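Asks: The structure that follows is given in the form of structure tokens.
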Amino acid sequence: MKWHLILCAAMLLSLSSCKPPPEPKVKVLGETLVYHQTIDGQVRYDTVTAVIPQFHFIDQYGHQVDTGTISGHVYVVDFFFTHCPSICPKMKAELHKVYEKYSDKGVLILSHSIDPERDTFPALRLYAEKLNIDNNKWLFLTGDHDSIYAMADRYLAYAKEDKESPGGFVHDGNFILVDKKRHIRGYYDGTTDEGTEKMMSDIELLLHEK
Amino acid sequence: MKSKFLRIILIVVPLGCISFFLYMTFFHSAYDHPGRYVYLDHCSSCHGEKGEGIQQLVPPLADADLAREQFDSLPCWILAGTNRPMIVNGKTYDQPMYPTAMTDIEMTNLLNYLASDMVHAKRQYKSDAVIKMMQRCRP
């Protein structure tokens, strides 16, 4: 009996001295802005992580989508075009897994078309229907040419018109993960199962953030 | 002494045979087909690693009735691309498939791989036949 007590005490002691493991975290990425201001005659420089700025696009239903649509949501962004002969179908297959697993948990997907001429909103709607998407959880976006490409720049994504390349456009195969406060939190190879798995484990963590 | 040696042989040889057989059937066959690599290079990004397709965007190839029934058209579909509504296993698909260039050797391996392991069509080709099929569909 006595020994039991001592043992218990020892266990409790060792437990309490044990630090909890560090919480897994996802780094905040994206540009860092430097603000300077003068306070009491002294110049101060503050570094602040940029947030994704205001935007306005049109989704596959012809509805306006803006920053309000995504506010408070973890969301995933990619760039594609419906006539894409190379990596886009694979990326859509990978995104579909994310959609199936997380659309019920408030995660949104924004797929920006970089081909506004051919990918009008009815064309995007048709494409979405082929992926069996008929709701507001996965939005296929178009808009005017310049704002699409400016948006790609803000996400630090590579997207370009290129007459030489198959389909007429080139873009990278990344998924971009953005948190509830519109900070970029990760880039993942959207053409592989591994990239998608990694993103899904990070989504899990971001969903728990306030 | 001699009988012990014999006994060991009698055990080791059949065991080796069995494990070799199991290895060939379960780990080797499908993945070692030279056409598998052509498939992974040129087709799997759309049709999926196992030929499962993507929703109603890209039709499946695994046990696809259309491909099985019109297997001889495959070289032309692959080389020239297709863009028309297609019904595969009861579902309609309508999305362009873009032309893919490949050599006759790649095409032969690919067709034989698809026929034996994915579409399950009772067909095997030799290069001379495939070369003719490929010539016929060049515009």
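Asks: Suppose every K and R has +1 on its Cβ and every D and E has -1 on its Cβ; what is the size of the dipole of chain A about the Cα centre, in Debye to the nearest 20? Write out the running numbers ahead of the final one.
Replies: Values: 23 positive and 30 negative charges, 205 e Å.
With Lys and Arg at +1 and Asp and Glu at -1, about 980 debye.
Asks: Right, something else. Just to check I understand the Karplus step: with θ = phi - 60° and J = 6.51 cos²θ - 1.76 cosθ + 1.60, what whole-Hz values come out for segment B:58-64, glycine and proline as x?
Replies: 10, x, x, 10, 4, 6, 6
Asks: Moving to a separate point now. Grab the DSSP H runs of chain A that are 4 residues or longer, score each as -39,500 (n - 2.57), total them, divide by all residues and round the 222 nm result to the nearest 500 deg cm²/dmol. Don't skip to the end; give the middle numbers.
Replies: Working: 6 runs with 70 residues, N = 210.
Theoretical 222 nm ellipticity from helices: -10500 deg cm²/dmol.
Asks: Something else now. How many percent of DSSP beta bridges within chain A run antiparallel, rounded to 5? The partial results should precede the final answer.
Replies: Values: 23 of 33 bridges.
The antiparallel fraction comes to roughly 70 percent.
Asks: GNM, chain A, Cα, under 10 Å: largest mean-square fluctuation among A:190, A:72, A:143?
Replies: A:72
Asks: Follow-up. Once both axes come from the Cα atoms, what is the angle between helix A:88-102 and the longest principal axis of chain A, in degrees from 0 to 90, rounded to 10?
Replies: 40 degrees
Asks: Provide the net charge surrounding residue A:147, with neighbours chosen by a C-beta distance below 11 Å and charges set as Lys +1, Arg +1, Asp -1, Glu -1. Mind showing how you got there, number by number?
Replies: On the way: positive: A:154; negative: A:144, A:146, A:153.
Counting the neighbours of residue A:147, the net charge comes to -2.
Asks: What residue among A:191, A:142, A:67 shows peak mean-square fluctuation when chain A is described by a Gaussian network model with Cα springs under 10 Å?
Replies: In the Gaussian network model the winner is A:67.
Asks: If you count only protein heavy atoms with a 1.4 Å probe, what accessible area per residue comes out for chain A, rounded to a whole Å²? Walk me through the numbers before you get to the answer.
Replies: Values: 11790 Å² over 210 residues.
It amounts to 56 Å² per residue over chain A.
Asks: Moving on to the next point. Any idea how far apart residue A:153 and residue A:170 come out in nm if each label point goes 7 Å out from Cα toward Cβ?
Replies: Between residue A:153 and residue A:170, the label points sit 1.9 nm apart.
Asks: I want to verify a result. In a Gaussian network model of chain A, Cα cutoff 10 Å, which of these has the top mean-square fluctuation: A:161, A:194, A:100?
Replies: A:100
Asks: Enter the accessible area of residue B:69 (Å², nearest 10), with the probe set to 1.4 Å and all protein chains included.
Replies: 140 Å²
Asks: Turning to a different aspect of this structure: Helix B:104-113 against the longest principal axis of chain B: what's the angle in degrees, Cα atoms only, rounded to the nearest 10?
Replies: Helix B:104-113 sits at roughly 70 degrees to that axis.
Asks: For segment A:39-99, give the magnitude of the charge dipole about the Cα centre (Cβ charges: +1 Lys/Arg, -1 Asp/Glu; no others), in debye to the nearest 20. Intermediate values should be presented prior to the final figure.
Replies: Numbers: 4 positive and 6 negative charges, 61 e Å.
Its charge dipole is roughly 300 debye.
Asks: Additional query: Using alpha-carbon pairs under 8 Å, 6+ residues apart, how would you state the relative contact order of chain B in percent?
Replies: On the way: 160 pairs, mean separation 31.6, N = 139.
Result for chain B is 23 percent.
Asks: Calculate for chain B the 222 nm mean residue ellipticity that helices alone would give, adding -39,500 (n - 2.57) per DSSP H run of length 4 or more and normalising by residue count, nearest 500 deg cm²/dmol.
Replies: Numbers: 8 runs with 72 residues, N = 139.
Mean residue ellipticity, 222 nm, calculated: -14500 deg cm²/dmol.
Asks: Could you work out the local net charge near residue A:170, counting Lys and Arg as +1, Asp and Glu as -1, over the other residues with Cβ closer than 12 Å to its Cβ? Please report the intermediate quantities before stating the final value.
Replies: Working: positive: A:160, A:163; negative: A:115, A:161, A:162, A:164, A:172.
Combined, the nearby Lys, Arg, Asp and Glu give -3.
Asks: Taking the Cα centre of each part, how many Å lie between segment A:168-210 and segment A:85-102?
Replies: Here the answer is 12 Å between Cα centres.
Asks: List every residue whose amide H lies under 5 Å from the amide H of residue A:141, counting only residues 5 or more places away in sequence or on a different chain, with H placed 1.01 Å from N in the peptide plane.
Replies: A:111, A:112, A:113
Asks: For residue A:37, what is the net charge nearby, where nearby means another residue's Cβ is under 15 Å from its Cβ and Lys, Arg count +1, Asp, Glu -1? Mind dumping the intermediate values first?
Replies: Values: positive: A:44; negative: A:40, A:46.
Residues close to residue A:37 contribute a combined charge of -1.
Asks: If one takes the longest principal axis of the Cα atoms in chain A, at what angle in degrees, from 0 to 90 and to the nearest 10, does the Cα axis of helix A:121-130 lie?
Replies: Helix A:121-130 and the main axis of chain A meet at about 60 degrees.
Asks: Spelling out what I want: for every residue of segment A:179-187, take phi, set θ = phi - 60°, compute 6.51 cos²θ - 1.76 cosθ + 1.60 (Karplus), and round to whole Hz; glycine and proline get x.
Replies: Once rounded to whole Hz, the list reads 8, 5, 9, 6, 9, 6, 10, x, 10.
Asks: When all alpha-carbon pairs of chain A are counted, what percent fall beyond 24 Å? Write out the running numbers ahead of the final one.
Replies: Numbers: 10729 of 21945 pairs.
Across chain A, Cα pairs with separations above 24 Å total 49 percent.
The values are calculated or read from the model by the stated rules, or taken from the named source; none is laboratory data. As the structure is a computational prediction, the values presented were derived from the model and not from experiment. Every residue, glycine as well, gets a Cβ built from its backbone with ideal geometry; the counts of neighbours run over all protein chains shown. Keep in mind that these areas ignore ligands, DNA and RNA; they rest on the heavy atoms of the full protein, side chains included. Shrake-Rupley method; radii C 1.70, N 1.55, O 1.52, S 1.80 Å.
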